[in-house]
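K.L.:
Below: one structure in C-alpha cells.
Every number here is computed from the coordinates shown, using simple stated rules; none is lab data. For clarity, every value in this text was computed on a predicted model and none was experimentally measured. Glycine gets a Cβ as well: all are built from the backbone with ideal geometry, and neighbour counts include every protein chain shown.
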Amino acid sequence: MWSWFTFWLLLHVLTAIAAFGPVFALPFISNFARRDPRNALVVSEILHGIEARITIPAAVVMPFFGLALIYTAHIDLWKSEWLVISIVLYVITFFFALLVQQRNAMRMVDLLKSMPAPGPGEPMAPIAGAAQGPPPEVAALAKRLQMGGALLTVMLTAIIVLMVWQPGGAFTG
C-alpha cells in the first residue's frame, strides 16, 4: 500500500544510492592515476566531478527526505539513539567532505593543471632535483585525499549500518 512514508523512504534510499554508491568506486578510479601518472589530471577531474556534481548535491537534499521520514513515521527523535548517532555522523561526514575533501580535490586538480604534461611514454616530470615521480606536494595531497576518502568510507558505512540495523527501534511507517 502506498503511503507518504513509502514515498519519502524511496526518495531517501534512491538518493543515498545515487550520492554514495559512486563514492565506493573512487579508490578504484584513483588507481588509474597511481598506475600511470599521465592519467592523474583526468582521473582527478573525474573524481572531483563525481563529488561536486553528484555526491555533494545529493547529500544536501538527503537530510530533507530523512526529516520527512521522521515526520511521517512520527518518530520521537530523542528516543531513537541510533538515529541521533546517524545524524551526528552524517553532519560530521558531510562537512568533512565539503570543507576538507572537496577543497583538497580542487587543489589537486589545480596543481596537476599547473604541471607540464608528460609526453607519450614519458613519466610525470619531476621538480628539479627531486626523485622520479610526482612532486612532493602532489604526493602529499594524494595521501591526504586517500586518507580522507578512507575516513569518509568508514563513516558512510557506519551510517548505512545504523540506518539498516536500527538498533533499539525501527521505522514503522
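K.L.:
Could you tell me the calculated FRET efficiency between Asp110 and Phe28, based on Cβ-Cβ distance and R0 = 35 angstrom, to the nearest 0.05?
P.N.:
After rounding to 0.05, the efficiency reads 0.90.
K.L.:
Working from the pairwise distances between different alpha carbons, so that the mean of 1/r is found and then inverted, what is the stretch 1-94's Kirkwood radius in Å?
P.N.:
15.2 Å
K.L.:
In addition: How long is the gain from Phe7 to Val42 if the chain were fully straight, where each residue apart is worth 0.36 nm and the alpha carbon distance is subtracted?
P.N.:
Residue separation times 0.36 nm, minus the Cα-Cα distance, leaves 8.8 nm.
K.L.:
Just checking my list [x] -0.25, -0.64, -0.74, -1.02; [y] -0.33, -0.70, -0.77, -1.00; [z] -0.38, -0.82, -0.90, -1.13 against log10 I(q)/I(0) by the Debye sum over Cα atoms at q = 0.08, 0.13, 0.14, 0.17 Å⁻¹ computed from this structure; which label fits?
P.N.:
Correct label is [y].
K.L.:
What is the helix-to-structure angle for 26-35, meaning the angle in degrees between its Cα long axis and the longest Cα principal axis of the chain, kept from 0 to 90 and rounded to the nearest 10?
P.N.:
Computed tilt is about 10 degrees.
K.L.:
Here is a follow-up. For helix 136-165, what angle does its Cα long axis make with the longest principal axis of the chain, in degrees from 0 to 90 and rounded to 10?
P.N.:
The two axes meet at around 20 degrees.
K.L.:
So if each residue of separation counts as 0.36 nm, and I subtract the Cα-Cα distance between Val100 and Val88, what length gain in nm does that give?
P.N.:
2.6 nm
K.L.:
Which log10 I(q)/I(0) values does the stretch 15-66 give at q = 0.14 Å⁻¹ under the Debye formula, counting every alpha carbon as one identical point scatterer?
P.N.:
Summing over Cα pairs of the stretch 15-66 leads to -0.40.
K.L.:
Nearest 10 degrees, 0 to 90: what angle lies between the long axis of helix 81-96 and the longest principal axis of the chain (Cα atoms)?
P.N.:
30 degrees
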